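Values in this text are rule-based calculations from the coordinates and carry no lab data. Please read these numbers as outputs of a predicted model, since none were measured by experiment. Cβ placement follows ideal geometry from the backbone for every residue including glycine, while neighbour counts extend to all protein chains displayed.
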Amino acid sequence: MSRRRPGWLAGAAALLLSLLPLTAGCRLGGSMPRSAELRAAFAGTDSQRDPSLGGNWLAAIVQRRGRDAVVLLNLKDRRPVPLPGLNRPDAQPVAVAVDARGSRLALIRRRQGRTEVVLYRREAAAAVPIALEPDGVPRALSLRADGRQLAVQVSRGGRWQVDLIALP
């Protein structure tokens, strides 16, 4: 008859206890319920892409009935925030970024055969074009948490470059 060492049981118990937070988190408030709540907030959309997280704000490009639009969610209450003047019928969003206060969104969009960068200020409900010097085709962007600086990936002459742009 073989005898197990008493330390074996303690080791197995410690292993089970160490795994408990991993399994409990999935069922009691981990990432799965938050993702389900997020899917509910995006209800009615066919797809979501290009997420940008800033503080308690999540910006993404969603598709509804075949049309792309930028959506801003307040993560505290999981509700979309109105963005009057941003989603134009003659423009297609490519990329979006949001600051930590949710007051500024930077956006790359295609409009009238051109790809442009715009800064949208929620309090003014206005989108202002941001010039790229020298001219180029923007592809991706990132907005600093305080909304005062923008990094843009730009194609110029077949080469990728990153521009840092100070914002007012």
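For a footprinting-style exposure proxy, rank 160, 57 by other Cβ within 10 Å, fewest first.
160, 57
Quick check: net charge around residue 119, other residues with Cβ under 13 Å of its Cβ, Lys/Arg +1 and Asp/Glu -1? Don't skip to the end; give the middle numbers.
On the way: positive: 104, 109, 121, 122, 144, 148; negative: 99, 116, 123.
Net charge around residue 119: +3.
At a 10 angstrom cut-off on C-beta neighbours, averaged per residue, how do the peptides 69-76, 150-157 rank from highest to lowest?
Details: 69-76: 18.0, 150-157: 16.2.
Highest mean packing first, the order is 69-76, 150-157.
Extent of segment 123-167 along each principal axis, from alpha carbon coordinates, in Å, largest to smallest?
Each principal axis gives a Cα extent; for segment 123-167 these are 37, 19, 15 Å.
Compute the distribution of all C-alpha to C-alpha distances in segment 43-168, in bins of 10 Å from 0, and list the percent of pairs in each, rounded to whole numbers.
Using 10 Å bins, I get a P(r) of 13, 47, 32, 7, 0 for segment 43-168.
Give the residue from 145, 96, 75 lying farthest towards the positive end of the charge dipole for segment 46-166; charges sit on Cβ (+1 for Lys and Arg, -1 for Asp and Glu) and the dipole is referred to the Cα centre.
75
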